Structure formats: C-alpha cells, structure tokens
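Quick notes on the structure that follows.
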Amino acid sequence: MRGLKSTRRATLIGLFLVVSLAARADRLVVMGDDRYAPVIYAEAGRPAGFLVDLLRRAQVYSGDEYDIQLMPWKRAYAMALRGMGGLIGVSHNSERAPLFDYSKPVYDDAIRVVVLKGQEFKFDGLEDLKGKNVGGVAGASYGEAVDRAIASGLFTVDRDIGQSSRLRKLLAGRLDAAFIGNGEAGFRLVLESHPELQANRERFVLLPTPLARDPLHLAFAKSMQQHAAVQRFDAAMERVMADLKAEAARERAKLDKRP
C-alpha cells in the first residue's frame, strides 16, 4: 500500500510539473539568416545548422517552443527590430544594446578575410584594409571596432545577402576582398555551395589573421518585453552545454576503448 501511495505521489508531482511548465511556456518566433552555413542556414527549405540545433535542444529545458523562421539577414533584423520575433545569431554592439534584450553568447564566430591568389596583402589589423572595397553581408555588424572603421570611411563595404554571391563578385574582380564567417569551416562550405566556386577554389586565399571574433546571441526587441524568455533561454543553455560536454566525454571514452 505504501508503494502504491508513493507511485501516486510521484505521478501527481510529475503531472504538476508538466502542467506548470505548459502554463508558463510561450511559442516564440525566432528569426535568423538563411545563408550562413554551417552555423545557421536553410536546407531544402528547412532550418539547419549549429544554432538551430541549440534552439531545439534549449526548448526542451526552457519550456518555450521556438518557431524558427529563416530569411535574408537584413529582413530578419528589420522584422526583429519591429518586434515580430526574436533574432538568433545577432552580434552585440553599443548601437543595438538599447534596442534588444540579449542572451548570453551562444556561439563565437570567427570572421575571416578572403582574397584572390596573387592579390594577397599583409593583414594584421584594420588599417591594412585602408582604401579597399570589401564584400560583407547586408545589415550585419562585425563588432564595434570593425563597425567604427567602416563608419569612418577607412574602407568601403559592398553589402549583399549571401557569402556565395560575395565570393563570385571577388572572382569577377568587383571586390578587393571578402568577409566570410564561421572560419575555415565556413569558407570550405561556401566554396562547395556553387559550381563556379568549386571550379575556381584554388584561386581563393584565406588570409591567416582573423578580422574579428564575434560572439553571437539570441535577442528580442525590448518592445516585446521578453526578458523573462531570455532568462529561461540562458538557464536552458547552461543545461544544453552540460549535455554537450557529457556527450563529448562519452564519445571520447568510446574511442579510448577501441583496440
């Protein structure tokens, strides 16, 4: 009889937790870039990438459901600014800080500079881009220092909506250099994304020094009053990162056991 009571009590507690979670859960639209592989992108019309995986894992713990909608970055940013949903993969800067409630960083993005073979130049810092015409994404921030250099006219940025078209412009001689996100992995994926780039992959050179390291966040316009949702996401991400570390440890243990 005591065991039956304990089972009932456990069942009631479980039901209470489920109901409580559902009562505070929200269905939140979260927008992002559809052409920023491997971090976030659309594949056959469906959201994919590392940030998408993190959102799906986080919603298990946050109690919120994230309705992920991907589109060109400039449009996603404009819609988020109008309070039409959250924004994943957004950089923090002083201009945006009064406009958005930010999560803690979820991904550290490495921005690199690509040039054509034979047109390499010394690149140790922003001054080395002086007078150059560089390709970059429309509506993007590359961090405070880079944004200030662009605003000062140190170099110009030809804005577009995708990294593939940017490298094709570079190939056509319309740019001196191009900014590419996601480090070497992102660079390799862009080269595989279009036949023209695949055929000319040996003509591109990734300069060794990164332009910037750009922490990316989840953010909601302050007008949406979703600070509590951001807090739930941050708490959920702590558990997600613990899960990922545990998964990595199990994989290492499996490898260590192999003969």
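Placing one identical point scatterer on every Cα of segment 130-251 and ignoring solvent, what is log10 I(q)/I(0) from the Debye formula at q = 0.22 Å⁻¹?
Scattering profile of segment 130-251, log10 relative to I(0): -1.21.
What is the distance, in nm, between label points placed 7 Å from the Cα along the Cα-to-Cβ direction at residue 244 and at residue 169?
3.1
Among all lysine pairs in the chain that are eight or more places apart or on different chains, how many have alpha carbons less than 24 angstrom apart?
Counting lysine pairs in the chain gives 16.
Hey, can you rank 214-222, 61-69 by average C-beta count inside 10 Å, highest first?
For the peptides 214-222, 61-69, the packing ranking is 214-222, 61-69.
Before rounding to the nearest 500, sum -39500 (n - 2.57) across all DSSP H runs of length at least 4 in the chain and divide by the residue total; then give [θ] at 222 nm in deg cm²/dmol.
Mean residue ellipticity at 222 nm (helix-derived): -13500 deg cm²/dmol.
Suppose each label sits 7 Å from its Cα in the direction of the beta carbon; what would the residue 185-residue 67 distance come out to in nanometres?
Result: 3.0 nm between the two label points.
Looking at the P(r) of segment 71-115, how many percent of alpha-carbon pairs lie beyond 12 Å?
Roughly 68 percent, rounded to a whole number.
Under a Cβ-only charge scheme (Lys and Arg +1, Asp and Glu -1), can you give me the dipole magnitude of segment 72-123 about the Cα centre, in debye to the nearest 20?
180
Using only Cα atoms and rounding to the nearest 10 degrees, what angle (0 to 90) does helix 50-62 make with the longest principal axis of the chain?
Approximately 20 degrees, to the nearest 10.
Nearest 0.05, what FRET efficiency do residue 203 and residue 122 give at R0 = 22 Å with Cβ-Cβ as r?
Once rounded, the FRET efficiency stands at 0.65.
Pop a pseudo-label 7 angstrom from the Cα along the beta-carbon direction at both residue 196 and residue 46 and give the gap in nm to one decimal.
Rounded to a tenth, the inter-label distance reads 3.0 nm.
In the set [x] 23.8; [y] 20.4; [z] 18.8, which value of Kirkwood radius over Cα pairs in Å was calculated from the structure you see?
Recomputing Kirkwood radius over Cα pairs in Å here picks out [y].
Where in segment 75-96 is the amide nitrogen less than 16 Å from a point lying 7 Å along the Cα-to-Cβ axis of residue 26?
Only 80-88 pass the distance filter.
Please compute the length gained on full extension between residue 130 and residue 154, using 0.36 nm multiplied by the number of residues separating them and subtracting their Cα-Cα distance.
8.1 nm
If you add up the charges near residue 247, with Lys and Arg at +1 and Asp and Glu at -1, over every other residue whose beta carbon is less than 14 angstrom from its beta carbon, what do you get?
Surrounding charge for residue 247 is +3.
Leaving out ligands, DNA and RNA, what percent of the accessible area of the chain is carbon and sulfur, probe 1.4 Å?
Result for the chain: 54 percent of the exposed heavy-atom area is carbon or sulfur.
Put +1 on the Cβ of every Lys and Arg and -1 on every Asp and Glu Cβ in the chain; which of 162, 248, 185 then has its Cα farthest towards the positive end of the dipole?
Selected residue: 248.
Taking 8 Å as the Cα distance limit and 6 or more residues as the minimum spacing, I'd like the relative contact order of the chain as a percentage.
Normalised by residue count, the contact order of the chain is 26 percent.
Please give the per residue accessible area of the chain, computed with a probe of 1.4 Å over protein heavy atoms only, in Å².
Heavy-atom SASA per residue in the chain reads 54 Å².
The values are calculated or read from the model by the stated rules, or taken from the named source; none is laboratory data. On a predicted model such as this, the values are computed, not experimentally measured, just so you know. Don't worry about glycine lacking a Cβ; one is built from the backbone with ideal geometry, like all the others, and counts go over all protein chains shown. These accessible areas exclude ligands, DNA and RNA; they are computed on the full protein's heavy atoms, side chains included. Shrake-Rupley method; radii C 1.70, N 1.55, O 1.52, S 1.80 Å.
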